[in-house]
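Laboratory data are not the source of any read-out in this text; all were calculated from the coordinates shown. Values in this document were obtained by computation on a predicted structure and should not be read as measured data. Neighbour counts are summed over all protein chains in view; Cβ atoms, including those assigned to glycine, are modelled from backbone coordinates with ideal geometry.
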Amino acid sequence: MNNSESICLIPFLVGDLAHKHAGVGWVENWMDLALKRFLQLNKNGLIVGLDADTIVEENYLNSIYTHFKKHNNTAVSIHFEHPLSGGYADDHYQLICSYELHLRYYKNALSFVGFPFAFHTIGSAFALTALAYARQGGMNRRKAGEDFYFINKLIKGEDFGEINNT
């Protein structure tokens, strides 16, 4: 991103969301609201998904912006890392480490055997264009695994890629 460009963030008020879909279901509501705003303001807008416990680097938003500007991808998974130390018990962080190693092993094994859709399908960090979100019919309202099913739709139905430089 050069000095004459900027990233515009569109704020949302929590009161804008229906409380009947609170919890995991709010993800779809937020993304649906983002799509509605982007269709009004900028059809080329980017929707970014990030788990609350995922650590990102300072270049996170710039890396996403730059990737979509340089590549034809309409959706991407983004390298993620969860915290491995902090205020929880050590066994908590050991479980996080095991979980993350499992995710990375699984993805790398798919790639090793030549599977054409070897991407992370857990939504710790992903981004897509507003139009890709609309084309895929949005995210479903499952109470668990909605990111898995949605990202699989994106992988098969969009020009899907990866961002690994953040």
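Quick rundown of the values:
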item: Residue tally, condition within 19 Å of E5 (Cβ to Cβ) and surrounded by 15 or more Cβ atoms within 10 Å (Cβ to Cβ), over the stretch 30-46; result: 3
item: Exclusive hit being under 16 Å from G49 (Cβ atoms) and aliphatic (A, V, I, L, M), set L84, L103, L110; result: L103
item: Looking only at the stretch 69-96, and only at residues there that are of a type in the set (S, T, Y) and free of Cβ contacts under 8 Å to residues at least 12 places away in the same chain, the one that is nearest to G137 (Cα to Cα); result: Y93
item: In the stretch 58-95, the residues that are assigned to a helix (DSSP H, G or I) and either touching a strand residue (DSSP E or B) at 6+ places or on another chain (Cβ under 7 Å) or buried (at least 16 other Cβ atoms within 10 Å of the Cβ) (or both); result: Y60, L61, S63, I64, Y65, T66, H67, F68
item: In the stretch 73-105, the residues that are in contact with a Leu (Cβ under 7 Å, 6 or more places away or on another chain) and not hydrophobic (A, V, I, L, M, F, W, C); result: T74, Y93
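Condition check ((1) surrounded by 19 or more Cβ atoms within 10 Å (Cβ to Cβ); (2) assigned to a loop (DSSP other than H, G, I, E, B)) across all residues:
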{"position": "R104", "(1), (2)": "no, no"}
{"position": "L110", "(1), (2)": "no, no"}
{"position": "A132", "(1), (2)": "yes, no"}
{"position": "D147", "(1), (2)": "yes, no"}
{"position": "I151", "(1), (2)": "yes, no"}
{"position": "L154", "(1), (2)": "yes, no"}
{"position": "T166", "(1), (2)": "no, yes"}
